[in-house]
1. When residue B:223 is evaluated against the numbered criteria (1) under 24 Å from residue B:76 (Cβ atoms); (2) at pLDDT below 95, which criterion, by number, is the only one it fails?
2. Yes or no: the range D:46-60 includes at least one residue that is in contact (Cβ under 8 Å) with a residue 40 or more places away in the chain, away from chain A (no Cβ under 11 Å) and touching a Leu at 6+ places or on another chain (Cβ under 8 Å).
3. Tell me which of these residue D:69 doesn't satisfy, since it passes every other one: (1) within 20 Å of residue D:212 (Cα to Cα); (2) crowded, with 20+ Cβ neighbours inside 10 Å.
4. When you go through (1) crowded, with 21+ Cβ neighbours inside 10 Å; (2) acidic (Asp, Glu); (3) more than 14 Å from the chain's Cα centre (by Cα); (4) within 22 Å of residue A:207 (Cα to Cα) one by one for residue A:13, which number turns out not to apply?
5. Hey, could you check the range B:215-232 for residues that are surrounded by 15 or more Cβ atoms within 10 Å (Cβ to Cβ) and over 20 Å from the mean Cα position of the chain (by Cα) and say which is farthest from residue D:112 (Cα to Cα)?
6. Anything in the range D:16-32 that is part of a loop (DSSP other than H, G, I, E, B) and touching a residue at least 12 places away in the same chain (Cβ under 8 Å)? List them, or say none.
7. Restricting attention to the range D:100-140, which residues are within 14 Å of chain B (Cβ to nearest Cβ), aliphatic (A, V, I, L, M) and in contact with a Leu (Cβ under 6 Å, 6 or more places away or on another chain)?
8. Could you please tell me which pairs satisfy a Cβ distance under 6 Å, a separation of 6+ or placement on different chains, a first residue in the range D:288-299 that is within 7 Å of chain A (Cβ to nearest Cβ), and a second residue that is assigned to a helix (DSSP H, G or I) and of a type outside the set (S, T, N, Q)?
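The values are calculated or read from the model by the stated rules, or taken from the named source; none is laboratory data. No experiment lies behind these values; they were computed from the predicted model shown. Positions of Cβ are backbone-derived with ideal geometry, glycine not excepted, and every protein chain shown enters the neighbour counts.
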Amino acid sequence: MTTSVDRLLALGDDALVTAQRLGHWCTRSPEMEEDVALANIALDQLGVARLLLSYAGEVEGAGRDEDALAYLRTDREYRNALLVELPDRDFAVMIAKLLFVSAYQRLLYRRLATGADERLAGIAAKAVKESAYHEDHATLWTLRLGDGTDESHRRMQAAVDEVWPYTHELFEEEPDLRAEWLSTVEGVLTRATLVRPADSWAPTGGRDGRHTEQLSYLLAEMQVLHRAHPGARW
Amino acid sequence: MTTSVDRLLALGDDALVTAQRLGHWCTRSPEMEEDVALANIALDQLGVARLLLSYAGEVEGAGRDEDALAYLRTDREYRNALLVELPDRDFAVMIAKLLFVSAYQRLLYRRLATGADERLAGIAAKAVKESAYHEDHATLWTLRLGDGTDESHRRMQAAVDEVWPYTHELFEEEPDLRAEWLSTVEGVLTRATLVRPADSWAPTGGRDGRHTEQLSYLLAEMQVLHRAHPGARW
Amino acid sequence: DELLRYFDAVIEADQKIEPRDWMPDAYRQGLIRQIAQHAHSEIIGMQPEGNWISRAPSLKRKAILLAKVQDEAGHGLYLYAAAETLGVSRDALVELLLAGRQKYSSIFNYPTLTWADVGAIGWLVDGAAIVNQVPLCRCSYGPYARAMIRICKEESFHQRQGYEILHTLAHGTPGQKAMAQDAVNRWWYPSLAMFGPPDADSTHSQQSMTWKIKRFSNDELRQRFVDMCVQQASVLGLDIPDPDLRWNEQRQAHDYTQPDYTELMRVIKGDGPCNRQRAAHRHAAHADGAWVREAAAAYAAKRNAPTTKAAA
Amino acid sequence: DELLRYFDAVIEADQKIEPRDWMPDAYRQGLIRQIAQHAHSEIIGMQPEGNWISRAPSLKRKAILLAKVQDEAGHGLYLYAAAETLGVSRDALVELLLAGRQKYSSIFNYPTLTWADVGAIGWLVDGAAIVNQVPLCRCSYGPYARAMIRICKEESFHQRQGYEILHTLAHGTPGQKAMAQDAVNRWWYPSLAMFGPPDADSTHSQQSMTWKIKRFSNDELRQRFVDMCVQQASVLGLDIPDPDLRWNEQRQAHDYTQPDYTELMRVIKGDGPCNRQRAAHRHAAHADGAWVREAAAAYAAKRNAPTTKAAA
């Protein structure tokens, strides 16, 4: 059984955009060890993105490889959830995003790893271990920031509040995953002395290519060189 | 008499990159009146840039119009001085840049307005009046910030110190303009209770297409849409 | 009493109420609310279009767009000044905007995803604004009526520019045409919603009619807008995304699908795609500029009191 | 005295000095300075290449570049740890870097203007670093020598990646080839300058030789680098921008034009194209992260003293 191209793109774009945002932190994080750790996570996400986009290209059968899909689609053709494209120049926002997306990815990959699409199952089996590491890392920082200083607590709570509404979109396809996700994430927030925001606003549109105004800027930068040399090999 | 393409590009690129940086301030400035004023200045700079680039394209005779020159050159082909491309997300830095570049443009355009290249003289005659207005505006803010609060004084002095080294490059072609420029600018700084920085480091390269790492980002954003649709009309 | 009778007579005679005239408090408060909301809309409305200034695809379009966004700032200032004639300060109104206690037009809570959105905003959003605002040029409050005359003139200009953008795209490459159609698809219903809830559900309306602030109902204006767009869309060669849109011979008007008023209410309430972003952007500009405004005030104070310094 | 004699004997016998061994203060201080400068170079060196992570032209290249920049952070950490064995803390060294009181390799004060610069840095800058560093794998101080063995291994890998980037570009479109040549033109002389001033002007060198920290002179290493590059450039199909470069049969080495040592001194002194930018970038990251580090420390303190809280 094969998965639909749109579905594979959704998964792959989540990972690719996450990697692109994290890549910005390399040379800018609060500690040298964190530069290394975030680069590691970005590399994992990028690796999974490449596998998923390659597979999507094969299923599509139109001759598009991972680079054609990454570099030659516009934001209206990207299928990532809005959460991953949100700007995260604030360390707390980056951590909140990473906590929420990696907890989601771990659950989703765990399910896909035993799914009917064998190729996807293989990718997911590798990715699920990495997601667990990403989630651990984000959890550790959520605890440190939430239960650190007054300032860090304030910033981490603000970040969680800002990002929370965007988590709803993650479960549009697999609503049944949300219960377990919630219990994991709520546990972390509680231990971090943070308040779990109420559910109300639930922005959506990413899976249909209706993104925030941020994504086109991200892609403009990511794609500029590739697009400037049509047909070139690198 | 006609002016060289490189020289016209240098003037035009100075104006275009200035307009592009100023355009960012529209909706982000400290007062609504300032949104209007900065947009005005950006529009003036953009208008002059269009005239200069069109003229450059004609002199070159290779069929490139203002848009081909603006949108299809890389940073290695841009000829603007480094000063105008410096990031200016800080209001004081933006004002310092505007003060220095508009005082330079006023003197240069005044000279060109009576020069042997009649077409250029016509453009310069229009531009010199606008430059005087830009310089007045930047002067007013330099006074307000320099002689405002302790905080604004500190920030304005830091901005002047940061930007000053890049002013040397402006006078590589017309070194004799610097004396008058200095007397103008030094007068403003003194009235603003600011210290005129010492001359030492004098970065250069813009006129040869060796820019800072910032310009390629600026152009990536500016050119993204135009380049995504090769040959299209707008 | 006499004042009220005089006021009613002026209105009745289609004359203007001026700032120094007596007016009922509800008239004053209603106008402040309406003019302020209009001013806020101009200021917040700069953001979705401002989003494309840096990326405009030709220098000419960049100049036109920059000038348009600048005009909007000008309109905002002009409208705040009109509101100030009613005895409220601009700073107070801006505080109400920043605090989320006054609204702006909900249309600006949608994102501009492509360049064609700039065209669609000009054609549809400015077009709807004009249909709404032209009657306001005859509104009973003088300063507001005069502001609207000037603003409507510039808005028509903006609308034509938006139309031209779409026309160029619709007659350009297939990619450009698709971009234009996509923008119209996304902006059509939000533009219809700009006329507010259906007459049956509309508050404020009857009193505004009596006072000649408002002269046509929401549904009347909406119908006028639809009829206007249908004709223009066919020249553009773009489809209006409404399968039930058709000429009704009997009504001598187009039947059309109503916008989703539940969505409108959700967006007004604060849960549109960009409400939080627009507010955050304005807050950031205001906060980032605080030290600059303080410097300007300190500088002005020194100039006004030059002897203090010498005496100190 | 005896300690010194023993120390000299260990050096003489090509054995390693280890952290707990006695060593002359000048040896310790010289090593700290050198290892710290080396560590700082890895950390600052992340910036010019990091500049292209977001824009790498294929996903594969993006992954390789990200991994490379990450390796550099790892090298930095590894080297700071080696310096710490000499009795100085990493925080103290980082403070000296931030204060501008310790140097890093001047090569990183040049901008990366195009993607090809990433290739040129790999091929030329990492290549020069390897020529400099391979002899350090036999240096007399054990922890430094061992760090260098590991680092050199990864550097060779990086150099090969840079070479591959240039090779692909040089055999790609005309635009790509021009980009590659342009990068080599800009990076060639700064790379030659990485070996430091000519032997005649070099300080520190003689003592370092005796102590077997340094094993070849600046000029010897520079010559080795030039000879290596000439051969590789011809395979790449790129020109080395030196019209006077030619094989000298008698010396069995290439004659070449020396880099501009006045420029080198200017850049070392602080007036290169990017000195201020690199420092500002590091300062900003350090300052922006202060609240995060404080939070981590506060959290750790709470964990280590759980009873205090209960008692309080």
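1. (2)
2. no
3. (1)
4. Failing condition for residue A:13: (3).
5. B:232
6. Within the range D:16-32, D:16, D:18, D:19, D:21, D:22, D:23, D:24 qualify.
7. D:116
8. Listed by first residue and then by second, the contacts come to D:291/A:151; D:292/A:91; D:295/A:144; D:295/A:145; D:296/A:144; D:299/A:144.
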